[in-house]
Each structure stands twice: as structure tokens, then as C-alpha cells.
Amino acid sequence: MVFDILFPPHSSFLLIGAPFSGKDIIVQKYIVQCMQQGHPLIFITTDMQPEEVIKNYVSYGVPIDKYIEKKLVKFVDAYTKQITRDIQDTESIKRIESPIAFTEMSAMVSDIQHDFKEKPPRVILSSLSTILLYSTAPEVSKFMQVLIGKIKQISGSILCLLEENMHDPKIVVALEHLVDGKIVTQYAIPDTGSKSEKKFMFKSSGIITTKDWKDAIN
């Protein structure tokens with residue numbers, strides 16, 4: 001399966017695509033591979049409550065709830081406290097003040113890493129675009145350099161989501177410089193024009209390169 005190759009240990013990737021272009025499909029593959037290989041998962045969410053993330057992936061057929069029951073998934077919630085202060089942490093959800101609480105986020109990831117001792121974690125950051133809305137590009141780049149280094153140091157891997165055409169190209173290039181590779185998604189309609197035959201495609205470059213666009217579902 002191609003995704004067994006795309007996400008090796010000790011690696012970092014940007015996942016770039018327009019809204020509804022199939023980024024969630026790639027994340028689903030990442031989570032499923034994580035479960036199959038027994039790696040713990042750290043999910044940093046900046047634009048949605050973890051409870052909603054869990055509900056969505058379960059509805060997609062990804063049993064992340066079962067993995068949480070095994071205490072192999074931890075969320076760093078950088079979203080909810082912006083909406084309400086009247087909410088508590090849970091065993092699987094640790095909440096921080098905001099998407100730009102960089103010191104708190106980094107410390108929380110370090111604490112969670114210590115909880116996962118048997119295998120190095122896989123990390124999802126959804127999304128960098130939200131962080132860039134609240135902070136400057138140089139500050140985000142500095143933070144990401146530290147976060148990526150921390151995760152790779154223990155042979156973990158990280159997948160960072162970024163919305164396409166939302167940021168200055170120079171910012172995207174700066175972020176690409178920090179990672180080992182990128183995956184780009186697109187929504188494609190065949191030449192027949194039939195939307196019933198639509199496909200979600202991906203292409204990767206960097207440490208693993210695909211020459212052609214590939215079907216993200218198959």
C-alpha cells in the first residue's frame with residue numbers, strides 16, 4: 001500500500017490542498033496506518049473541537065474512538081478555550097489557550113510523548129493555516145522548526161495540514177524548507193465531465209516522490 005511508504009518514521013510532511021480536495025482522506029490513511037502499526041497518535045487541533053474530530057472520523061469509518069479507549073490517542077486542543085472557558089481536560093484531551101500558545105503547545109506535546117513509551121508517536125497538526133491567521137510567518141516557522149525537531153528526535157513523524165492558495169507563496173516555501181516532503185491533493189473531474197466519476201488525487205514530493213497523480217481513495 002502506497003501510504004506505508006509515504007509516512008516513514010523520523011519524517012515530516014506538509015499536506016497541502018484546497019478545501020474539500022481530499023486532505024481528510026490522506027489523514028484517514030495516516031490514522032489507519034498508525035493503528036495498524038501500533039503507533040500512538042497525538043492530534044493537535046486548532047480549528048475544531050476534538051469531540052467533533054472524533055465524531056467525524058468515526059462517521060468516515062475510522063475507529064479512532066476504539067484507539068482512544070486503548071489510551072493510544074491524545075489530543076492537544078488549541079481551539080475550544082477560545083469559545084468557552086467552562087470546559088475541562090479529559091484523559092485524552094488536553095486543552096491550551098489558543099493556536100499561538102506555542103510554549104504551552106510544545107510543552108504539552110513533550111508531556112504526551114513521555115506517556116507513549118513503547119513506540120514513537122505519529123503527530124497530526126490541523127491546521128497550520130489557522131496558526132498563520134493569528135501569528136507572523138517568522139514566528140510560526142521558528143515554532144515549527146522546534147516542534148518538528150522534537151518529534152523527529154524520538155523517531156516520530158508529523159503531518160501538518162495547510163490550505164492551498166490561502167497564504168503568500170513565500171510563506172509556503174519557507175514551511176516547505178522545514179519538512180522532508182509535501183503531499184498535494186486535488187479534486188478531479190474526468191474529461192467526460194461526469195461528477196459521479198470525480199476523484200480525489202494526490203501527489204507527493206521530497207523524501208518520497210510520486211511521478212504522477214494518484215487516486216487517494218484506492
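The values are calculated or read from the model by the stated rules, or taken from the named source; none is laboratory data. Only a predicted model underlies this, so the values are computations on that prediction, with no experimental measurement involved. Using ideal geometry, Cβ is built from the backbone for each residue, glycine included, and neighbour counts are taken over all protein chains shown.
Out of region 11-52, which residues are in contact with a strand residue (DSSP E or B) (Cβ under 6 Å, 6 or more places away or on another chain) and without any contact (Cβ under 8 Å) to a residue 60 or more places away in the chain?
Scanning region 11-52 gives a single hit, P50.
Go through region 89-104 and give me each residue that's among the charged types (D, E, K, R), over 20 Å from I31 (Cα atoms) and assigned to a loop (DSSP other than H, G, I, E, B).
Residues of region 89-104 that are among the charged types (D, E, K, R), as a first pass: 89, 91, 94-95, 97, 104.
So of that shortlist, the ones also over 20 Å from I31 (Cα atoms) come out as 89, 95, 97, 104.
Within region 89-104, D89, E97 qualify.
For V76, indicate whether it is aliphatic (A, V, I, L, M), without any contact (Cβ under 8 Å) to a residue 60 or more places away in the chain, touching a Lys or Arg at 6+ places or on another chain (Cβ under 7 Å) and buried (at least 16 other Cβ atoms within 10 Å of the Cβ). Break it down into steps so the answer makes sense when it comes.
Details: aliphatic (A, V, I, L, M): yes; without any contact (Cβ under 8 Å) to a residue 60 or more places away in the chain: yes; touching a Lys or Arg at 6+ places or on another chain (Cβ under 7 Å): yes; buried (at least 16 other Cβ atoms within 10 Å of the Cβ): yes.
Against the criterion (aliphatic (A, V, I, L, M), without any contact (Cβ under 8 Å) to a residue 60 or more places away in the chain, touching a Lys or Arg at 6+ places or on another chain (Cβ under 7 Å) and buried (at least 16 other Cβ atoms within 10 Å of the Cβ)), V76 qualifies.
Restricting to region 21-66, name every residue that is modelled with pLDDT of 95 or more and either in contact with a His (Cβ under 9 Å, 6 or more places away or on another chain) or under 22 Å from H10 (Cα atoms) (or both).
Those that are modelled with pLDDT of 95 or more and either in contact with a His (Cβ under 9 Å, 6 or more places away or on another chain) or under 22 Å from H10 (Cα atoms) (or both): P40, L41, I42, F43, I44, T45.
What number of residues within region 58-73 satisfy the criterion of being without any contact (Cβ under 8 Å) to a residue 12 or more places away in the chain and either surrounded by 12 or more Cβ atoms within 10 Å (Cβ to Cβ) or within 17 Å of I124 (Cα to Cα) (or both)?
Total meeting the criteria: 3.
Within region 148-178, count every residue that is more than 15 Å from L132 (Cα to Cα) and in a strand (DSSP E or B).
Residues meeting the conditions: 3.
Inspect region 79-88 for any residue being surrounded by 22 or more Cβ atoms within 10 Å (Cβ to Cβ), modelled with pLDDT under 95 and either in contact with a strand residue (DSSP E or B) (Cβ under 8 Å, 6 or more places away or on another chain) or not in a loop (DSSP other than H, G, I, E, B) (or both) and give the result as yes or no.
No.
Every residue in region 105-131 that is surrounded by fewer than 22 Cβ atoms within 10 Å (Cβ to Cβ), part of a helix (DSSP H, G or I), in contact with a strand residue (DSSP E or B) (Cβ under 9 Å, 6 or more places away or on another chain) and not polar (S, T, N, Q), please.
M108, D111, I112, D115
In region 93-119, which residues are closer than 26 Å to Q37 by Cα, in contact with a helix residue (DSSP H, G or I) (Cβ under 6 Å, 6 or more places away or on another chain) and free of Cβ contacts under 8 Å to residues at least 40 places away in the same chain?
Passing the criteria: only K94.
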